[in-house]
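Nothing in this text is a laboratory measurement; each read-out follows from the coordinates by a stated rule. Treat the numbers as computed from the prediction; the structure is a model and nothing was measured. Quick reminder, even Gly has a Cβ in these numbers, built from the backbone with ideal geometry, and neighbours come from all protein chains shown.
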Amino acid sequence: MAEAPLLDVRDLEVQFKTQDGIVQAVNKVNFSVNRGETLGIVGESGSGKSVTSLAVMRLIPSPPGKIAGGQIIFDGEDLVDFSESEMRKIRGNRIAMIFQDPMTSLNPVLRIGRQMTEALQLHLNMTPKQARNRAIELLGMVGIPSPDKRLDDYPHQFSGGMRQRVMIAMGLSCNPELLIADEPTTALDVTIQAQILELMNRLKNETGTAVIFITHDLGVVAGMADRVIVMYAGRVVEHASTHELYNNPRMPYTMGLLDSIPRLDEGKGERLTPIRGLPPDLLNLKDACPFAPRCDFVQDVCHTQRPPLRSVGTNHQAACLFDITYEERQTAAARKAAEEQAALEQTLETAIAEEAR
Amino acid sequence: MFGYFIRRVLAIIPVLVVVAFVTFAMMKATKGGPFDANEKLSATTLKALNAKFGLNKPVWINTEGFSEAKAESSNPLHWVRGFLDSQFGNFAINALKGDFGPTYQSRGSETVQEVIARRFPVSLRLGLMATIFALIVGIPLGIMSALRQNTFLDYLSLVISTIGISVPSFVVGVLVVLLLSRVLNIKPIQPPEAWNGFGRAYIVPGIVLGLGTMAYVTRLTRSSMLEVKRQDYVRTAQAKGIASMVIIGRHMLRNALIPVVTILGPALANLITGSFIIESIFRVNGLGQEFVTAIQVRDYAMIMGTTLFFAALIALANVLVDLTYGFLDPRIRAKK
């Protein structure tokens, strides 16, 4: 890796003050994004993935939240030290963001055109006329028919998928070097999801923008990202190239996520394997593996020691004390199922014997 | 849009009919009459006066014409004719022509519509003054306390608006008169001619009248701004790098003011029609005072005229607000 990464997040910590105490939403998170690369951030609700992305934009609502430590180095400069007005020159210009819910992310009382041109006029010093032409061009680029007319429409006149296209066009309007997409397809139905993902892939290749793609859907990230980090309870628990992560997950949490994806080649009537239990309370995290209460491979040591993120292969890190592989988990699961079956048969037999007597 | 406006204006008519019926019934159910106030009138004078104002007729149905022939009473046409020749019928017919009749207090020398035309502009100016005050103080105060939530400024505005809502205007009015006259040595009561034209005289009573509405507008703007502040589109605007003052002005305010505009119509109508107490305290010769006096002396024509006038005013204000509402919010515009 000769070239310095575009974005280098080091030991990022984000805290929220609540009535019950301080919530450590993001805890010592490290990752980097190279120019033109797509990084996937995966995790369930509350794992800190959205907060991480908002922290990069310095948009953590403060109070109650604040960046408590770490560095966010973007193109050689630490964004944590930037003033609000310096940050405004970055936002929407060099780092843009697309949000989860296109139904609520556009201002209902302003025309699409107005919402698109304001960033263009601000960052690229375009005249209203130039900005309008550029907006038309952008809307066409994201596949909105008759863009010159649609520019004068209000958000409620667009469908959800179309609104997300508008959001994408808005995000890309100033040719950002980094685009953060925070669950851009979660609020859309599956066919529209596919269209939006295809669009994003195409635009990513055309513009060469680096992308941070945040999602809870491993299936979505598979087709988008070059590398993936998996977050759990505010920490990175696994980090690998997309191919490596899917073929050789090393963290039981990642395995659990992979197992809970419905598969087309699965036999009929087979049940999905969810991860049991709930994510931990971020208020009082002990020095233990946060995933331990939900893990199938839990040992005593898991409750007393927090596993560090350690290298488990080439460009592959996982936060687990043991070298558990996916195959082991599969056999373990099979064994467990067999044991349960045997136990069930046992009880049945004794019951029948009882009956006979 | 125009069709919608016409539909809404036409919908006012049934409202006015009901208001007229109910008011007339309540007015007639109230004991006493217009001519039994001070001096005892002779029977002949009373009879003449009653005849002059049409009070000798039955209130709802005049059965005079068909009392002798029993069969005729089943003819609906007679009932209609009887209705039209009653006190209410006569009033309704004249009212449709725009004539509410002579006021009883003036003994017939001045009509109700003349009194309204003379007195209403004063109440209108006072109400406008109060509304303007409520808006230019209430909206900025509300915005400020929302942006500085849970700071000293926010609490200060909370104290001001709580006082504004909970202390009745007659208390504030009297206190202000006291303050002006005793402490500041300013004459709080203006001479009658001061009310002609929109002058300085309106400032003090206007502020006192608008205090409650100002407080309400403050609270509403504050909660509405807080709501809007949390909206996703505000975060989108922030992510675009827009300066926070521009976000407030362009993205938040228009959304936040929609609820404020909603209450503005009724509030304006209320301030214009409900200024009676302030009018008495500050000796403003507006329509509110006239209205209350009319009820006290059973000036039937004046009661009916002003009630209907006020009712129409309130209904119209609501229609206008709904139109403004659509102007602010394109989603509502689309549904019409």
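Under the convention that each Lys and Arg Cβ holds +1 and each Asp and Glu Cβ holds -1, the size of the dipole of region B:120-335 around its Cα centre is about 700 debye. Taking a point 7 Å out from the Cα of residue A:247 in the direction of its Cβ, the residues of region A:315-343 whose backbone N falls within less than 15 Å of it are A:315-316, A:326-327.
Taking the fewest neighbouring Cβ atoms within 10 Å as the starting point, the ordered list for B:327, B:24 is B:327, B:24. If R0 is taken as 30 Å, the Cβ-Cβ distance between residue B:194 and residue B:150 corresponds to a FRET efficiency of 0.10. Highest mean first, the peptides B:182-192, B:292-302, A:46-56, A:184-194 sorted by other C-beta atoms within 10 Å per residue fall in the order A:46-56, B:292-302, A:184-194, B:182-192. When its C-alpha radius of gyration is set against 2.2 N^0.38 Å (N residues), region A:1-160 gives a value of 1.21.
Residues of region A:26-56 with an amide N closer than 12 Å to a point placed 7 Å from the Cα of residue A:260 along the Cα-to-Cβ direction: A:43-47.
Working note: Cα atoms of chain A, range along each principal axis, descending, whole Å: 92, 45, 43.
In sequence order, region A:92-97 has phi-based couplings of x, 9, 9, 10, 10, 9 Hz under the Karplus curve 6.51 cos²θ - 1.76 cosθ + 1.60, θ = phi - 60°, and Gly or Pro positions carry x.
For chain A, the longest principal axis of the C-alpha atoms and the axis of helix A:160-172 are separated by about 60°.
For the segment A:165-172, counting C-beta atoms of other chains within 10 Å of every residue's C-beta and taking the mean gives 1.
Available extension along the chain between residue B:320 and residue B:18 is 106.6 nm, counting 0.36 nm per residue and deducting the alpha carbon span.
Take every DSSP beta bridge whose two residues both sit in chain A; close to 60 percent of them are antiparallel.
Note on region A:278-309 and region A:127-178: Cα centroid distance 46 Å, given to the nearest whole angstrom. Of all the options A:172, A:199, A:12, the one that moves most in a Gaussian network model of chain A with Cα springs shorter than 10 angstrom is A:199.
For the pair residue A:28 and residue A:77, a Förster radius of 25 Å applied to the C-beta separation gives a FRET efficiency near 0.70, rounded to the nearest 0.05. Using the Cβ-Cβ distance between residue B:180 and residue B:246 with R0 set to 51 Å, the FRET efficiency from 1/(1 + (r/R0)^6) comes to roughly 0.75. Between residue A:17 and residue A:304, the contour length at 0.36 nm per residue exceeds the alpha carbon distance by 100.7 nm.
Fully extending the segment from residue A:343 to residue A:137 would add 67.5 nm, taking 0.36 nm per residue of separation and subtracting the current Cα-Cα distance.
Look at the dipole of region B:120-335 built from charges on Cβ: of B:282, B:215, B:257, the Cα furthest out on the positive end belongs to B:257. Tell me whether region A:213-357 comes out rounded, prolate or oblate; compute the Cα gyration tensor, take square roots of the eigenvalues as a ≥ b ≥ c, and use a/c under 1.5 as the rounded threshold. Here region A:213-357 falls in the prolate category.
Think of it as helices only: each DSSP H run of n ≥ 4 in chain B is worth -39500 (n - 2.57), and spread over all residues that comes to -22000 deg cm²/dmol at 222 nm.
Taking only Cα atoms, what is the 0 to 90° angle, nearest 10, from helix A:190-207's long axis to the longest principal axis of chain A? Between helix and principal axis, roughly 60 degrees.
Here the Karplus relation 6.51 cos²θ - 1.76 cosθ + 1.60, evaluated at θ = phi - 60°, turns the backbone of region A:67-79 into coupling constants of 7, 8, x, x, 10, 10, 8, 10, 6, x, 10, 8, 5 Hz, with x for every Gly and Pro.
Spin-label model, residue A:315/residue A:353: points 7 Å from Cα along the beta carbon direction are separated by 5.9 nm. Peptide A:106-119 is shielded by partner chain Cβ atoms: per residue, an average of 5 of them sit within 10 Å of its Cβ.
Between residue A:152 and residue B:97, the distance separating the two model label sites (each 7 Å from Cα on the Cα→Cβ line) works out to 5.1 nm. Using only the Cα atoms of region B:170-223, build the gyration tensor, take square roots of its eigenvalues as a ≥ b ≥ c, and label the shape rounded, prolate or oblate: rounded if a/c is under 1.5, else prolate if a/b is larger than b/c, else oblate. Oblate is the answer for region B:170-223, as a/c is 1.5 or above yet b/c matches or exceeds a/b. Computed from Cα positions, the angle between helix A:128-141 and the longest principal axis of chain A comes to roughly 40 degrees. Only beta bridges with both residues in the protein assembly as shown are counted; by DSSP, about 60 percent of them are antiparallel. Shape of region B:120-335 from its Cα gyration tensor (a ≥ b ≥ c, root eigenvalues): rounded if a/c is under 1.5, otherwise prolate when a/b > b/c, or oblate? Oblate. Among B:197-207, B:211-221, the peptide with the highest mean count of other Cβ atoms within 10 Å heads the list, and the full ranking is B:211-221, B:197-207. Ranking B:195, B:98, B:271 by Cα position along the charge dipole of chain B, where only Lys, Arg, Asp and Glu carry charges on their C-beta atoms, puts B:271 farthest toward the positive end.
Between residue B:118 and residue B:136, the modelled label-to-label distance comes to 3.2 nm, taking each label 7 Å out from Cα in the direction of the beta carbon. Distance distribution note for the protein assembly as shown: the fraction of Cα pairs above 47 angstrom is 45%. Arranged from fewest to most other beta-carbon atoms within 10 Å of their beta carbon, B:60, B:195 become B:60, B:195.
Rounded to the nearest Hz, the phi-derived 3J(HN,Hα) couplings of region B:88-105 under the Karplus curve 6.51 cos²θ - 1.76 cosθ + 1.60 (θ = phi - 60°) are 5, x, 4, 4, 4, 4, 5, 4, 4, 7, x, 10, 9, x, x, 6, 6, 4, where x marks glycine and proline.
Ranking A:231, A:322, A:59 by how far each Cα lies toward the positive end of the dipole of chain A (charges on Cβ) leaves A:59 at the top.
Over the Cα atoms of region B:111-153, the radius of gyration divided by the Kirkwood radius equals 1.40; this is the Rg/Rh ratio.
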